[in-house]
Structures are given as structure tokens and as C-alpha cells.
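A.B. asks: My questions will all concern the structure given below.
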Amino acid sequence: MTIDFFNILKLKGFPVRKAKKQLHSIQSIPNIPDWQDKRKWEIFNHHFESNSFYKQYISSKPDSWEQIPIITKEELNKIDCHRPLLNIFEKRFIRQTSGSTGRPLTYSIDYYSHAFTWSLIANRYASLGLSINDKQARFYGMPRNIRSRLTERTKDLLANRYHMPIMDLSDASLKQWVEIIAKKQFSYLYGYSYPLITFAKYLNWNGLILKDYCPHLKACIVTSEMCSPAEEQLMETVFGIPCANEYGASEIGIIGFGQTNDWLISDEQLLVEIVNDKGEAVPYGESGRIICSSLFNTATPLIRYEVGDLGKIEIRNNRRYLTELIGRKEEMIYLPSGKKAPGDTTFFYIIQGFIRKYPFIIDEYRVIQHTLSSFEYQLTTKKSINRAQEQLLIQLTKTYLEKSISVSITEVTKIERTRMGKYRRFISKVNP
């Protein structure tokens, strides 16, 4: 028996019906930009008037939208924008990003905004013939901590999904994936692009079409990491199903949905701007920094928020599309035993495990794989790590990767970034 995901949200107090109704209302508007012009000022005024920390950051009320300062993840972390607003009875919860730009962002989201996000996701999935309740093969990492793993398994049960074992991307493991998918007959694949692309290459090398083993498959959705049009085409061919690309950020939701370099922008929920290095708007068709404003989140002032990627926007049939995206593409970890794992392993298991015990030590980090068996951690820290902390980081690395590898730790004053403010948190110098 499938449990309706939206019924779960309703039981938890999320205003799903109201969110769905408003989404439908916005999509019925002939000119969404006109609606955005009004809504953007409503949400800005809300934060300016009710959040003293944001008001202090802005300094004075601007005369034009372009005068509102662009805010970055680092600046949001400096101002305390998560304390209760004037309406202390408004339901909200706190989350933290993965720290793909090197520094996690702690942010809040109100219940209505969360319900609206899921309504929009359901709307986009429906374009692929999918329902939120369809059975999902999830290509994400799984926590090893027993309590966290049980929590995630419970979520999987309620959400009608199954976590695929992505920590080992060897041929033997990928062969087991085919068997699992054939047995469980999923409706769609969802997850990071790297394990899915690696899986697609395995199928291609072995002359297999996944839909032959799982006729129920309808679509594949890649998220979080970039993939090229050629990789997307390969997945469509060997999976035997349409492939969609979900571009977004956890703190603001889906920014665009569709094909690579052809993402339909979530104008119903976000105001997306493209600006140059000076913060000035660029014409449609020109590349620049992607700036997003959340039009419904009343908890954290994600107003003119820089996500850290470059892109460009074009208009077709009165809708806006991202037609170029330059962002982070994770690399693969290759180990002496022949096993492979996503670069994000270093964050989700090793760095997170360290932070759980020592939450106020590491400020920023980078992991460099110099050879198959040697890894270097570059850390900026609030204070020098001691011997016990160093040993914990080494122990976690050997536990989640392999015992035979060597680990060095280097404390640095600064980690080099791109002009977008991002840097690769995992770099491999291995040429397998």
C-alpha cells in the first residue's frame, strides 16, 4: 500500500491545499513577471520590517530593486537571520546546506514555503508522467550511524523509495544494481549524476538496456551535480527512458527543471536574475552570476541571494529558461582496491562525522587525492587541531574509504576560490 506523501505533510501541519491552489493560480496568470514585480517587494518588505538583523544589513530602504545588496552565503551566516521573527507563532524549521561552496549555510524555512516547494516539484514531475508517490530508486549516500540509518530507512518507507548502495561503484556492485532494479521494479531513478552516469557507462559497455529489466521505469532525474548533454543522452539511451535535469539549491528549492542547458525556471517560486561582476543586470542571452530571491520563504531573507553559479537566461513562449550553466562538477574517488566512490563521500561521511564530535573547529576544507593511496586535507580552522582531532579525521577517512591509504592534514589560512565564490571541495589528481 502506497502512502500519499502530501497526506503526510498535511498531518504534520503543512498547508498543502493552500500551496497547491496558489501554484495553480500563479500558473494561470498571463504575465508572471508582472506578478513577480509585486510579490518581490512584498517579501522584501516582510523581511526588512520583521527581521532586525536583515534590516541592519540593508541599512536603508532602497528606491529600486537593483539597489538591494546581493547577499552571499557567507554574509547570511554572519547576520543572525534565523531567530524568531515578529510572528513567533509562525511554524518554521531549521536546516543546513551540505557546504558545497566550502561553508555550510544554516537557514530557516516556514511551513507554507516548504509546502509550496513540494507542490512545484510535483508539478514538474508530472511533466514526465511521474507522481511524487511513485516508487523511486534513490542514488544518494546512506548514513552509517545506526540511528541515522534507521531514520533514513523510515523516510524511505514513507516516501516509497529505496536507497541504492552507491558507496561502491565497481563493476560487481553495478551488476547488483541491475538485479535490485529488476527485482523491485521502480518507476523512476533519482540522484546524483556521477553514480548514474557511471551506471549508464557500465550498461553501455555490457550492451544492456535497463528498461528491458524494469518495464515499469518511466524517467530518470539527476540532481545536485552537473552532467553534459552527451552524458544525458547516454543515460536516456541505456536506461531506455527520458532523462531530466533538476538544478537547484537546498535552501531555495528547484531553480530550473528540464534538459541540460534547457531548464524551465521556477518563476512561480523564485525571482532569478543574471548580473555581471558589478552586480548589474545583463541582457537576456548573456552570461553572468545567478541571483535568486525566494518569493515565499518568510523565515530567512533569501533576497537577491547569490547561489555561486554562472548562467544565462533566454525567453521562449513567454517562459524563461536557463540555457547555460557553469557550476561545480564533482570528481570521482579511485581507491587502491579498484573501488570507486563519489567525491561527496568526503563530506557526507568523513567531514560530517568529524563535525558531529568537534562542531566548531573546521571553517573551510578541501580534500585532494594525490595518488590512489594518498589523500591530503586542507583546512582553515578557528584554532589549530590537536592530535586527537587529527587522529579522528584520519580514522574516519580509513573507515569510509580504505585502511591502506595515507592521510596528511595541512592547515592553511585561505582556500582558493573561483570568481563565483566557489571552489571544488574534492580534487582528484589520479588518472585511472
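A.B. asks: I'm checking my understanding of the structure. Among residues of the stretch 271-285 that are of a type in the set (D, E, K, R) and loosely packed, with under 12 Cβ neighbours inside 10 Å, which one is farthest from LYS312 (Cα to Cα)?
C.D. replies: My answer is LYS278.
A.B. asks: Oh, and also: Can you find a residue in the stretch 278-288 that is aliphatic (A, V, I, L, M) and either within 19 Å of the chain's Cα centre (by Cα) or closer than 18 Å to HIS114 by Cα (or both)?
C.D. replies: no
A.B. asks: Find the helices (runs of 4 or more DSSP H) located wholly in the stretch 145-239 whose residues include 2 or more that are surrounded by 14 or more Cβ atoms within 10 Å (Cβ to Cβ) and within 20 Å of the chain's Cα centre (by Cα), and list them.
C.D. replies: Once the helices (runs of 4 or more DSSP H) in the stretch 145-239 are filtered for at least 2 residues that are surrounded by 14 or more Cβ atoms within 10 Å (Cβ to Cβ) and within 20 Å of the chain's Cα centre (by Cα), what remains is 146-159, 193-205, 229-239.
A.B. asks: Next up: Within the stretch 137-186, which residues are touching a Gly at 6+ places or on another chain (Cβ under 9 Å) and farther than 24 Å from MET332 by Cβ?
C.D. replies: ASN145
A.B. asks: A further question follows. Would you call PRO242 closer than 18 Å to PRO229 by Cα and either among the basic types (Lys, Arg) or surrounded by fewer than 23 Cβ atoms within 10 Å (Cβ to Cβ) (or both)?
C.D. replies: So PRO242 passes the test.
A.B. asks: Among the listed residues THR298, THR260, identify the single one that is closer than 22 Å to LEU196 by Cβ and either assigned by TED's automatic domain parsing to the domain that holds GLN185 or of a type outside the set (A, V, I, L, M) (or both).
C.D. replies: When all the criteria are applied, what remains is THR260.
A.B. asks: Output yes when any residue across the stretch 326-342 is within 19 Å of the chain's Cα centre (by Cα) and over 30 Å from ARG149 (Cα atoms), and no when none is.
C.D. replies: yes
A.B. asks: When you check VAL272 against the structure, is it assigned to a strand (DSSP E or B) and within 21 Å of TRP65 (Cβ to Cβ), yes or no?
C.D. replies: yes
A.B. asks: Continuing with the same structure: Scan the stretch 316-328 and give yes if some residue there is among the aromatic types (Phe, Trp, Tyr), at pLDDT below 85 and in contact with a Phe, Trp or Tyr (Cβ under 9 Å, 6 or more places away or on another chain), otherwise no.
C.D. replies: no
A.B. asks: Would you mind finding the one in SER127, SER108, SER131, SER113 that is of a type outside the set (Val, Ile, Thr) and at pLDDT below 90?
C.D. replies: Every option except SER108 fails the conditions.
The values are calculated or read from the model by the stated rules, or taken from the named source; none is laboratory data. Note that the structure is a prediction, hence the values are computed from the model and not measured. All Cβ positions, even for glycine, are placed from backbone atoms using ideal geometry, and neighbour counts span all protein chains on display.
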